[in-house]
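Structure record follows, encoded as structure tokens.
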Amino acid sequence: MATKQMLHMNPGQGETSYARNSTIQNTPFSKTTIRSEKELHLQKTAQDRMKPLIEDAIKAFCGAALPKSMVIADLGCSSGPNALTLVSAMVDAIHRYCMEYMQPQPEMCIFLNDLPCNDFNTVAKSLGEFKHGHFSSSHHIVVASMVPGSFYERLFTSGSVHFFCSSISLQWLSEVPEELVKSKIPMYDSDEQLRLLNREIVANAYARQFRKDFTLFLSLRAQELVLGGRLIFSLVGRCSSNHASKSTQVWKLLAVALNDMVLKGVISKEKFDTFHIPIYAPLDKELNSIIEDEGSFRINKTMVHDAFHGTDGMLPSPNTIASMTRAVFEPVIVQHFGISGETMADFASAVERLSSSSFVEVEFPLVCLCLSLTRAR
Ligand SMILES: C[S@@+](CC[C@H](N)C(=O)[O-])C[C@H]1O[C@@H](n2cnc3c(N)ncnc32)[C@H](O)[C@@H]1O
């Protein structure tokens, strides 16, 4: 069950699409205050938190030697407004640097990457509108292209890229850990005793797969970057200082919601037992150790933020968490269980019921890890 063959976010721009559920306005709730409309989506918040890292990296890179042309790529761009946010922040930062230091603007080439099943039609439309509206008025030459393919493969020629960015995508693995599939160990056993018995085996298999995939990802990007080139990314992770997060899996909310549906007879237990989601949230120190072991990159900065809280510390509403979860996971769930839109609505209701602040904060202590790296060799 490889990610490449099955993964994409909910396409288009409808009610349940990723485009509508990764940045839209929604009403958050908090234990103490009810606030009015605010942007609180995990992905949008992660991108906002990456912007200072982008600004610093551009200044340092351009300050060392400003090339005549620069290549920038976003890996795992998806579709909708977020697809262009980071590359746009980079182009703007380069533009500001050149104005401030009275340097000639470099020509820029932008690449947007995602898996081939991604909704590239929507990306192409946004690119067209964006290029005419934004780039043509304020910048020199900016050309843009889309690159369908897996970031666990070579995507660019050697030494051709100056900046890579990636937001909330690298927690996706290249495939489900094969050893679990072969030994028929479910991701989340409905039987609590068996679940506790296999918990370590499942966690270790996912951790090993992540190490293998992320090591490959780093070595591929190191080949594609110029020496001194930058890689700035965010992903869903766990924090070593929080004891509870040691045993947490990023798919727990989903698994508990689906298990509820098994117990109610809405989906079959046999199907649920063979369902795995190729996704893993690493501990911050685990990520650092993989980067050090792989050896191509120097870590400039690591930032750890609450994953679910907005920049103002507020949690999104259970309804927002449910819509976001549906937009991201509907295609993989439908593909495996073969269920209808109505059953997906039941799934979203189950996620909403579970997403009380105590479940999210206590049982699901995920963080957003943001890192800035430089290719050092
Ligand atoms: C949660 S979305 C994040 C999208 C966007 N960067 C954002 O911040 O809103 C994760 C994206 O990563 C993409 N993805 C997952 N595995 C990938 C791979 N191996 N290669 C390229 N893209 C991948 C998915 O298709 C999806 O569009």
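The values are calculated or read from the model by the stated rules, or taken from the named source; none is laboratory data. This one's a predicted model, so the numbers in the text were calculated from it and none came from an experiment. Here Cβ is always computed from backbone atoms with ideal geometry, including for glycine, and neighbour counts include all displayed protein chains. Please note that ligands, DNA and RNA were not included when accessible areas were found on the heavy atoms of the full protein model with its side chains. Shrake-Rupley method; radii C 1.70, N 1.55, O 1.52, S 1.80 Å.
Worth pointing out:
- Helix axis angle, 252-263 relative to the chain longest principal axis, alpha carbon, degrees: 30
- Kirkwood Rh in Å, taken over the chain so that all alpha-carbon pairs contribute: 21.4
- Nearest 10 degrees, 0 to 90: helix 284-294 Cα axis against the chain principal axis: 60
- Charge dipole magnitude, Cβ of K and R +1, D and E -1 - the chain, Cα centre, debye nearest 20: 580
- Helix 42-64 axis versus longest C-alpha principal axis of the chain: approximately 30°, rounded to the nearest ten.
- In this view, the solvent-accessible surface of TYR101, computed with a 1.4 Å probe and all protein chains in place, comes to about 110 Å².
- Carbon and sulfur %, accessible surface of the chain computed with the full protein complex present, 1.4 Å: 53
- Once the 1.4 Å probe is applied to the protein heavy atoms, the range 3-375 comes out at 41 Å² accessible per residue.
- Under 5 Å, built H, 5+ apart or other chain: amide partners of ASP306: CYS368
- Cross-link check: pairs LYS51/LYS285; LYS184/LYS285; LYS59/LYS125; LYS125/LYS212 evaluated at a Cα-Cα cut-off of 28 Å; pairs beyond the cut-off: LYS184/LYS285; LYS59/LYS125; LYS125/LYS212.
- Descending semi-axes in whole angstrom, ellipsoid equivalent of the range 140-203, from the Cα gyration tensor: 40, 13, 10
- Kirkwood hydrodynamic radius (C-alpha pairs) into Stokes-Einstein, the range 170-315, 25 °C and 0.890 mPa s, D in µm²/s: 144
- The helix-only estimate of mean residue ellipticity at 222 nm for the chain, built from DSSP H runs of length n ≥ 4 each weighted as -39500 (n - 2.57), is -13500 deg cm²/dmol after division by the residue total.
- Listed values for the range 367-375 are Karplus-derived 3J(HN,Hα) couplings in whole Hz (6.51 cos²θ - 1.76 cosθ + 1.60, θ = phi - 60°), namely 10, 10, 9, 10, 10, 10, 10, 10, 5, and x replaces Gly and Pro.
- Summed residue charge, Cβ within 12 Å of PHE210's Cβ, Lys/Arg positive, Asp/Glu negative: +1
- Of the whole protein surface, THR215 contributes about 50 Å² of accessible area at a 1.4 Å probe radius.
- Close amide H partners of SER317, meaning residues 5 or more places away or on another chain with modelled amide H under 5 Å apart, are PHE29.
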